[in-house]
1. I need a count of the residues in segment 122-138 that are in a helix (DSSP H, G or I) and buried (at least 21 other Cβ atoms within 10 Å of the Cβ).
2. Of these, 328, 285, 254, which one is in contact (Cβ under 8 Å) with a residue 40 or more places away in the chain and on the phi > 0 side of the Ramachandran plot?
3. Out of the residues in segment 199-208 that are crowded, with 20+ Cβ neighbours inside 10 Å and in contact with a strand residue (DSSP E or B) (Cβ under 6 Å, 6 or more places away or on another chain), which is nearest to residue 61 (Cα to Cα)?
4. Cβ contacts < 8 Å: first residue not assigned by TED's automatic domain parsing to the domain that holds residue 275, restricted to segment 217-242; second residue assigned to a helix (DSSP H, G or I) and buried (at least 18 other Cβ atoms within 10 Å of the Cβ), any location; separation 6+ or different chain. Result?
5. Kindly state which helices (runs of 4 or more DSSP H) lie completely within segment 24-111 and contain at least 3 residues that are outside the structural domain of residue 190 (by TED's automatic domain parsing) and buried (at least 24 other Cβ atoms within 10 Å of the Cβ).
6. Please find, among 157, 191, the residue that is surrounded by 14 or more Cβ atoms within 10 Å (Cβ to Cβ), in contact with a strand residue (DSSP E or B) (Cβ under 9 Å, 6 or more places away or on another chain) and not in a helix (DSSP H, G or I).
């Protein structure tokens, strides 16, 4: 009898200390995975999400607009989307809220060949810009155009996949491409001194970039889970900022067709995009409410938001671990 009681006690004890089964959570990226997503792949490979009770499924995206719509409709619990694009989606009824910023500075820029006669944005008039239809740069083009002193309808957009941009510029089937600053080194190697470049910041636009957004209903019902996801993700980005090689290895193991040197170059650019006073002094991933409000007003004024909302409802910093901050490295 003693043995039976002991066995039962051990079984009960095992049940008490065993971790709960992980909940399935889907994260839809903004595009196909690259260096900026490597911390997420690293955290997953290390079992950090699973240990936090999250069975994370990572899905490639097709642009910030598509991701914002999917998350806003509940098709994916979490996603990564450009914040101004997510604002436009919320104005159309998408139920979503940003819980962590990845790019505190906009990564957006336009590239062209100097040999085409383009010297800057003022020469974009009548030219062809190649990018995907769901690309944040296309949705935000009216804001860039007006800031640069152009009419929004003065250019022609050509649909391209992300992978086809450089080839299209090289073949001159388009005159300009939009792309993230992450990929800058690749273009410098491809085009050398013939490469022209205008970051959005050059015309006074520095809106928040890629951010982690959560479906509103999921967030309200799973606050503890979202807090755990955000904390793990913060820790992963902090770890990769300090030492990138293990994160690169996790990315390369999880995603085919990537060039390691290109991804390493990208990460050096990404660290610059992640860093501002708020992410360095408040928390890695934290939003500045005044900047969010300014981004909202810019989008509303230059592009339009179908149904107005309080910009403060677009984001929250409450799930961030304030002890984790972006380093100055």
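The values are calculated or read from the model by the stated rules, or taken from the named source; none is laboratory data. Note that this is a predicted model, so its numbers are computed, not measured. Neighbour counts run over all protein chains shown; Cβ positions are idealised from the backbone, glycine included.
1. Taking segment 122-138 and keeping what is in a helix (DSSP H, G or I), we get 122-123, 136-138.
Add one more test, that the residue is buried (at least 21 other Cβ atoms within 10 Å of the Cβ), and what stays is 136-137.
Number satisfying all stated conditions: 2.
2. 285
3. Among those residues, the one meeting the criterion is 208.
4. So the pair list comes out empty.
5. Once the helices (runs of 4 or more DSSP H) in segment 24-111 are filtered for at least 3 residues that are outside the structural domain of residue 190 (by TED's automatic domain parsing) and buried (at least 24 other Cβ atoms within 10 Å of the Cβ), what remains is 38-45, 64-73, 83-91.
6. Details: 191 fails: not in a helix (DSSP H, G or I).
Answer to the selection: 157.
Conditions (1) closer than 30 Å to residue 245 by Cβ; (2) at pLDDT below 95, marked per residue:
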{"residue": "2", "(1), (2)": "no, yes"}
{"residue": "8", "(1), (2)": "no, yes"}
{"residue": "19", "(1), (2)": "yes, yes"}
{"residue": "34", "(1), (2)": "yes, no"}
{"residue": "70", "(1), (2)": "no, no"}
{"residue": "77", "(1), (2)": "no, no"}
{"residue": "102", "(1), (2)": "yes, no"}
{"residue": "106", "(1), (2)": "yes, yes"}
{"residue": "113", "(1), (2)": "no, no"}
